[in-house]
1. Can V197 be described as of a type outside the set (K, R), assigned by TED's automatic domain parsing to the domain that holds G133 and surrounded by 13 or more Cβ atoms within 10 Å (Cβ to Cβ)?
2. Please work out if K241 is out of contact with any helix residue (DSSP H, G or I) (no Cβ under 9 Å at 6 or more places or on another chain), modelled with pLDDT under 85, part of a loop (DSSP other than H, G, I, E, B) and closer than 22 Å to P119 by Cβ.
3. Does segment 216-225 include one or more residues that are outside any loop (DSSP other than H, G, I, E, B), more than 19 Å from S176 (Cβ to Cβ) and either modelled with pLDDT under 85 or out of contact with any Ser or Thr (no Cβ under 8 Å at 6 or more places or on another chain) (or both)?
4. As an exercise: evaluate N171 against (1) surrounded by fewer than 20 Cβ atoms within 10 Å (Cβ to Cβ); (2) at pLDDT 85 or above and give the number of the one condition it does not meet.
5. State the number of residues belonging to segment 3-34 that are outside any loop (DSSP other than H, G, I, E, B) and either outside the structural domain of V79 (by TED's automatic domain parsing) or within 24 Å of R85 (Cβ to Cβ) (or both).
6. Are any of the residues in segment 193-208 assigned to a strand (DSSP E or B) and of a type in the set (F, W, Y)?
7. Before we move on, is Q143 modelled with pLDDT of 90 or more and either within 16 Å of the chain's Cα centre (by Cα) or more than 19 Å from H236 (Cβ to Cβ) (or both)?
Amino acid sequence: MDVKLQFEEAFNGTIFVDQAYNISACRWEGDQKKQMNFSIPILGSNEQSACGTTVEERTGEVTCLLIISPMKHILVDGVMGLQVRCLYAINDITITMAGLRLVGLEERAGIVTGNGGTPTIQIQILDGHGIRGRAVTHASVGQKLTLDIVLRDTAIYDFYVYSCIAHDGSNSADASVRVIDVNGCAVALPRAIEYPVHVTNPTDGSAKHIFIFMYGFQFTSSQFVYFKCQARPCIHKCGHKVSIYSYTYILDIFT
């Protein structure tokens with residue numbers, strides 16, 4: 001959490017998170033200025049809560065208590081507590097992708113409250129099976145493809161995906177195929193969609209990919225295929241549970 005404090009007079013004291021004074025990353029000293037900017041770490045080693053911060057998974061709220069002392073190394077008269085709250089976006093996100101052009105076989109072409117940044121979740125179609133392929137906007141019927149939903153930075157957020165569909169853009173039930181169901185499980189379709197859903201296990205805030213292998217297909221009503229997925233971001237780790245047979249966890253894929 002990024003905190004900015006403004007003082008009426010130059011501040012030369014100490015600010016620290018309650019019960020975390022001995023942790024250097026949770027303590028900041030003034031330098032005779034009227035303003036202080038600092039960041040409170042949310043996660044520490046082993047992805048445990050740092051600096052005594054409290055994370056409410058259900059609401060996306062992160063809170064902690066700051067102790068502000070006018071003097072360094074000692075608490076004196078004038079010390080005060082300031083509760084800091086940060087609200088992160090954890091509402092469901094609808095991710096849509098522009099039409100993928102499929103070429104037929106015959107063609108072959110007191111309380112301080114702030115807001116955390118909204119997580120950036122992207123959807124893309126990659127050439128081949130795996131997340132190392134290049135993003136494509138044109139493909140052939142039968143071509144190996146990967147539907148990839150990715151969160152680039154997992155330092156704060158995690159996410160899971162459910163209710164993915166492919167359609168022709170007309171919202172017609174006859175021109176719509178379910179790719180991932182409401183529980184986050186793959187919906188296999190012979191010669192089009194493979195089971196299961198694959199999930200990478202990110203480390204040190206790296207990108208997280210949720211992806212599924214496909215083969216190029218199209219609807220008789222259009223040469224374009226559109227993809228739409230529902231994604232739910234979470235603080236730290238999602239508590240969402242699916243069948244052990246639904247997700248395949250992969251650390252290093254197709255190097």
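1. Values: of a type outside the set (K, R): yes; assigned by TED's automatic domain parsing to the domain that holds G133: yes; surrounded by 13 or more Cβ atoms within 10 Å (Cβ to Cβ): yes.
Criteria met by V197.
2. Numbers: out of contact with any helix residue (DSSP H, G or I) (no Cβ under 9 Å at 6 or more places or on another chain): yes; modelled with pLDDT under 85: yes; part of a loop (DSSP other than H, G, I, E, B): yes; closer than 22 Å to P119 by Cβ: yes.
Judged against the criteria, K241 is a match.
3. We begin by selecting, within segment 216-225, every residue outside any loop (DSSP other than H, G, I, E, B); these are 219, 222, 224-225.
Okay, now just the ones that are also more than 19 Å from S176 (Cβ to Cβ), so none.
No, that holds for no residue.
4. Every listed condition holds for N171 apart from (2).
5. Initially, segment 3-34 is screened for residues outside any loop (DSSP other than H, G, I, E, B), giving 3-11, 14-17, 24-29, 33-34.
Filter once more, so that each one left must be either outside the structural domain of V79 (by TED's automatic domain parsing) or within 24 Å of R85 (Cβ to Cβ) (or both): 3-8, 11, 14-17, 24-29, 34.
Number satisfying all stated conditions: 18.
6. As a first pass, look at segment 193-208 and keep what is assigned to a strand (DSSP E or B): 193, 197-200, 208.
Subset that is of a type in the set (F, W, Y): none.
No, segment 193-208 contains no residue that is assigned to a strand (DSSP E or B) and of a type in the set (F, W, Y).
7. Numbers: modelled with pLDDT of 90 or more: yes; either within 16 Å of the chain's Cα centre (by Cα) or more than 19 Å from H236 (Cβ to Cβ) (or both): yes.
Criteria met by Q143.
The values are calculated or read from the model by the stated rules, or taken from the named source; none is laboratory data. All figures in this text were calculated on a predicted structure; none of them were measured in a lab. In this analysis, Cβ positions are derived from the backbone assuming ideal geometry, glycine residues included, and neighbour counts consider all displayed protein chains.
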